[in-house]
Amino acid sequence: RYSTAVLAEEPITPPVQVNYTKLLINGEFVDSTSGKTFPTLDPRTGEVIAHVAEGDAEDIDRAVVAARKAFDEGPWPKMTAYERSRILLRFADLVEKHSDELAALETWDNGKPHEQAAKAEVPMFARLFHYYAGWADKIHGLTVPADGNYHHQTLHEPIGVAGQIIPWNFPLLMFAWKVGPALATGNTIVLKSAEQTPLTALYAAKLLHEAGLPPGVLNVVSGYGPTAGAALASHMDVDKLAFTGSTNTGKIVLELAAKSNLKPVTLELGGKSPFIVCEDADVDKAVELAHFALFFNQGQCCCAGSRTFVHEKIYDEFLEKAKARAARRTVGDPFKKGIEQGPQIDSEQFDKILRYIRSGIESNATLECGGERLGSKGYFIQPTVFSNVQDDMLIAQDEIFGPVQSILKFKDLKEVVSRANQTRYGLAAGVFTQNIDTANTLSRALRVGTVWINCFDVFDAAIPFGGYKMSGQGREKGIYSLNNYLQVKAVVTPLKNTAW
Ligand code: TXE
């Protein structure tokens, strides 16, 4: 009954070499102070891809010293904005030149389909840097006609040393969302990549240096959260922190930032996004979009449409078709052409997802298809659909972060808005309708940072992304992200008449 592609006996050999495994501090690849390394694993098999230098508190400190020096002594913040822009543009061009290596490394380390990495994520990565390069020389303050005989002006200055902690689900894109605006505004950076996916950040940082980035401006420390990550969040000489990850860890880093030097923090955290299919929907199209909204990237998206609300009039038809679509999803080696779903990132996430599937079954949701691991090695999970899901079930409340679609029935719009909003999260929502009034009403009533009407996961460098409620604080991308990395200084000068 299950038509997923057969998992290849032998994994396809990735068409790329791992060349960079050390920490990148002050423009040089160096070992960690402790000499320790950690393995980064191939999610297709659980086998070691490479051993990577393991940074901890001492290495974070070395990296912060380098970033501080590069900020205080320059040349980065003192270069003209145009020169900074040119470096970012050259980098984006190098990304395009090396797109094959970047896409292959991203797939190998993360398990995402190679076609997705190559056709969507690497081009988007380059696009984000083109976008931020365009901002570098367009950031300026105001001259303000305030009261009194004074010249009032504001200067928009970089904050200083930015600490950035990123997750493993979109390693390259999360790098771009954070590094792009910080560099465009003239900051220096210490970035900690996720321990599951350290490889592409090192490769990209190497290319940035090739493009002319001065030493110390971007330092990349691979390592674990409670050691390297916590040291960065609590460092007294880090001026700003940006974090993407789980809501629980978001609380930890916010507290560390507050208890150390009160550095401002932006957070992009978990979600439980509703995808609302109204009664006037074209069911086939709605099924396809709801499927994409949940299953894209193995379900490992903070904004995944993980509560599929379907109007009762079309519920039965929708359910049959959604189940058939999930059963047709091709799962297998992400390097194979035509594969829609690769493995989950690691054994921890794999076990967590299977636990939530068991919880769904135990709480009497109906398991329509899937529900088990696929194959005997690596972290593959069958595309899974639950129907008859109730709001208070754990699978309707918690972020599963896997290929598990939960379908819920609703009767009217007022009811579905109230249920959609009954969550601690508020990252995104999807609305599927042909009625413009319904679309307008729902997009205003839903308490989320992004509403996609008749589309989903449409991301653009210029459009802000971020969460309401416990999905985060602040916005990334677009014009809004620049303020995360800027201080505003007021300068007041008396105006005196001279000479005449
Ligand atoms: O997240 P963590 P994990 C959600 C998703 C997933 C769950 C757990 O539900 O199942 O989180 O994933 C660093 N101080 N998201 O454990 O722990 C860590 O090293 C400082 C949603 O991977 O939040 C990594 O670099 N840093 C999310 C980053 O935080 C710490 C994407 C994220 O890891 C730290 C990923 C500490 N004490 C998971 N502990 C999204 N919003 O897209 C960990 N880290």
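The values are calculated or read from the model by the stated rules, or taken from the named source; none is laboratory data. No experiment lies behind these values; they were computed from the predicted model shown. Positions of Cβ are generated from backbone atoms using ideal geometry, with glycine treated the same way; all protein chains shown enter the neighbour counts. To get the accessible areas, we keep the full protein, side chains included, count just its heavy atoms, and leave off ligands, DNA and RNA. Shrake-Rupley method; radii C 1.70, N 1.55, O 1.52, S 1.80 Å.
Test Thr33 against the stated conditions and say whether it is assigned to a loop (DSSP other than H, G, I, E, B), open to solvent by less than 60 Å² (accessible area, probe 1.4 Å), β-branched (Val, Ile, Thr) and at pLDDT 95 or above. First the steps, then the outcome.
Numbers: assigned to a loop (DSSP other than H, G, I, E, B): yes; open to solvent by less than 60 Å² (accessible area, probe 1.4 Å): no; β-branched (Val, Ile, Thr): yes; at pLDDT 95 or above: yes.
The answer is no for Thr33.
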Problem set entry | Close pairs (8 angstrom Cβ cut-off, 6 or more residues apart or separate chains): closer than 18 Å to Ala242 by Cα and open to solvent by less than 10 Å² (accessible area, probe 1.4 Å) in the stretch 201-230, in a helix (DSSP H, G or I) and of a type in the set (Asp, Glu) anywhere | Val221/Asp59; Gly223/Asp59; Ala228/Asp59
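I'd like the residue in the stretch 79-101 that is open to solvent by 70 Å² or more (accessible area, probe 1.4 Å) and of a type in the set (Lys, Arg) and, out of all such residues, is nearest to Gly338 (Cα to Cα).
Once the filter is applied, the top-ranked residue is Lys97.
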Exercise. Within 16 Å of the ligand (Cβ to nearest atom), closer than 30 Å to Pro167 by Cα and open to solvent by 10 Å² or more (accessible area, probe 1.4 Å) - does that describe any residue in the stretch 359-368?
Worked result: yes
For this session: Identify, from the list Ala118, Ala104, the residue that is within 20 Å of Thr330 (Cα to Cα), in a helix (DSSP H, G or I) and open to solvent by 10 Å² or more (accessible area, probe 1.4 Å).
Result: Ala118
Exercise. How many residues does the stretch 187-200 hold that are among the charged types (D, E, K, R) and surrounded by fewer than 24 Cβ atoms within 10 Å (Cβ to Cβ)?
Worked result: 1
Seminar exercise, completed: Of the candidates Asp398, Asp391, Asp412, the one satisfying the condition of being of a type in the set (Asp, Glu) and in contact (Cβ under 8 Å) with a residue 40 or more places away in the chain is Asp398
Problem set entry | Of residues in the stretch 479-496 being under 18 Å from Asp137 (Cβ atoms) and either of a type in the set (Phe, Trp, Tyr) or open to solvent by less than 40 Å² (accessible area, probe 1.4 Å) (or both), the one nearest to the ligand (Cβ to nearest atom) | Ser481
For this session: Kindly indicate whether any position in the stretch 334-347 is surrounded by 21 or more Cβ atoms within 10 Å (Cβ to Cβ), within 16 Å of the ligand (Cβ to nearest atom) and within 18 Å of Val458 (Cβ to Cβ).
Result: no
For this session: Among the residues of the stretch 132-159, write down those that are open to solvent by less than 40 Å² (accessible area, probe 1.4 Å) and of a type in the set (Phe, Trp, Tyr).
Result: Tyr132
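For the stretch 237-259, does any single residue satisfy the condition of being part of a loop (DSSP other than H, G, I, E, B) and touching a Ser or Thr at 6+ places or on another chain (Cβ under 7 Å)? Before the answer, list the steps.
Within the stretch 237-259, the first condition is being part of a loop (DSSP other than H, G, I, E, B), and the residues that meet it are 237-239, 245-246.
From what's left, touching a Ser or Thr at 6+ places or on another chain (Cβ under 7 Å): none.
No: zero hits.
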Exercise. Out of curiosity, is Gln164 within 23 Å of Pro215 (Cα to Cα) and within 16 Å of the ligand (Cβ to nearest atom)?
Worked result: yes
Problem set entry | helices (runs of 4 or more DSSP H) fully within the stretch 293-408 counting 3 or more residues that are more than 29 Å from Ile453 (Cβ to Cβ) | 347-362
For this session: Just give me the residues in the stretch 234-293 being away from the ligand (no atom under 15 Å from the Cβ), out of contact with any strand residue (DSSP E or B) (no Cβ under 6 Å at 6 or more places or on another chain) and more than 30 Å from Thr384 (Cα to Cα), in sequence order.
Result: Met236, Asp237, Asn261, Leu262
For this session: Report, by residue number, each residue of the stretch 50-78 that is over 30 Å from Val18 (Cβ atoms), open to solvent by less than 60 Å² (accessible area, probe 1.4 Å) and at pLDDT below 95.
Result: Gly74, Pro77
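Tell me, yes or no, whether the stretch 458-478 has at least one residue that is more than 16 Å from the ligand (Cβ to nearest atom), polar (S, T, N, Q), open to solvent by less than 30 Å² (accessible area, probe 1.4 Å) and not in a loop (DSSP other than H, G, I, E, B). It would help to see each step written out before you state the result.
Here is the first cut: in the stretch 458-478, the residues more than 16 Å from the ligand (Cβ to nearest atom) are 458, 460-463, 478.
Remaining after also requiring polar (S, T, N, Q): none.
No, the stretch 458-478 contains no residue that is more than 16 Å from the ligand (Cβ to nearest atom), polar (S, T, N, Q), open to solvent by less than 30 Å² (accessible area, probe 1.4 Å) and not in a loop (DSSP other than H, G, I, E, B).
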